[in-house]
Amino acid sequence: MTDYKLLAEQLKALAEDEPSYIPVLSNASALINQNLDDLNWAGFYLIDNDSLLLGPFQGKVACIRIKLGRGVCGTAVQNDETIVVPNVHEFPGHIACDSASNSEIVVPIHKNGKIVGVLDIDSPSINRFSQTDKEGLELFVRTLEDVIQF
């Protein structure tokens, strides 16, 4: 079981010396990848005009740009809510950047009251992400929002 409070504290410590978004997001994706089991992708997409642009990540190559409102990431931005998808093959409009992905969680990231991006995590297992994961990753993102400078 992942200790999300510890993960958030580690993120906070990593951002103390350099709060710029590229190194913080890079280390954040590495923290997630190293501490959560059964993942095949963990990273960030950042708002760029009317789409999400690929940011720092851990995993295989990924989709570079996703239109707002499309796929799980674009829908999470459009609805401004965390989305947990137990089986991506049942999500209407799912974008398959990696055919090995079977479940996904996406958490919106805010700065100064507006969405600036999303945390996106994929797993090769069906139903990988629990309510505990959702709450823990939302805590992780709130910590990220507090420490990062865009």
Query raised in the report: Given Val77, Val61, Val84, which one is within 14 Å of Ser123 (Cα to Cα) and either of a type in the set (A, V, I, L, M) or loosely packed, with under 14 Cβ neighbours inside 10 Å (or both)?
Result: Val84
Query - Residues within the stretch 91-116 that are closer than 21 Å to Asp50 by Cβ, touching an Asp or Glu at 6+ places or on another chain (Cβ under 9 Å) and assigned to a strand (DSSP E or B), tallied - result: 8
**Report entry** Residue list for the stretch 34-57, filter: open to solvent by less than 60 Å² (accessible area, probe 1.4 Å) and not aliphatic (A, V, I, L, M)
**Finding:** Asn40, Trp41, Gly43, Phe44, Tyr45, Asp48, Ser51, Gly55, Pro56
Query - Residues that are open to solvent by less than 30 Å² (accessible area, probe 1.4 Å) and free of Cβ contacts under 8 Å to residues at least 40 places away in the same chain, drawn from the stretch 15-33 - result: Ser29, Ala30, Leu31
Query raised in the report: Within the set of pairs 6+ apart or on separate chains, which have a first residue in the stretch 80-107 that is within 17 Å of Ile32 (Cβ to Cβ) and touching a residue at least 12 places away in the same chain (Cβ under 8 Å), a second that is surrounded by 11 or more Cβ atoms within 10 Å (Cβ to Cβ) and of a type in the set (Lys, Arg), and C-beta atoms under 6 Å apart?
Result: Thr82/Lys134; Val84/Lys134; Asp98/Lys60; Ser103/Arg128
Query raised in the report: Condition test on Lys12, is it open to solvent by 30 Å² or more (accessible area, probe 1.4 Å), farther than 24 Å from Cys97 by Cα and touching a helix residue (DSSP H, G or I) at 6+ places or on another chain (Cβ under 7 Å)?
Result: yes
Query raised in the report: Among the residues of the stretch 126-150, which ones are part of a loop (DSSP other than H, G, I, E, B), open to solvent by less than 40 Å² (accessible area, probe 1.4 Å) and under 16 Å from Val84 (Cα atoms)?
Result: Phe129
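The values are calculated or read from the model by the stated rules, or taken from the named source; none is laboratory data. Quantities reported herein were computed from a predicted structural model and do not represent experimental measurements. Here the Cβ is made from the backbone with ideal geometry for all residues, glycine too, and neighbour counts use every protein chain on show. Accessible surface is based on the protein model in full, side chains and every heavy atom, while ligands, DNA and RNA are left aside. Shrake-Rupley method; radii C 1.70, N 1.55, O 1.52, S 1.80 Å.
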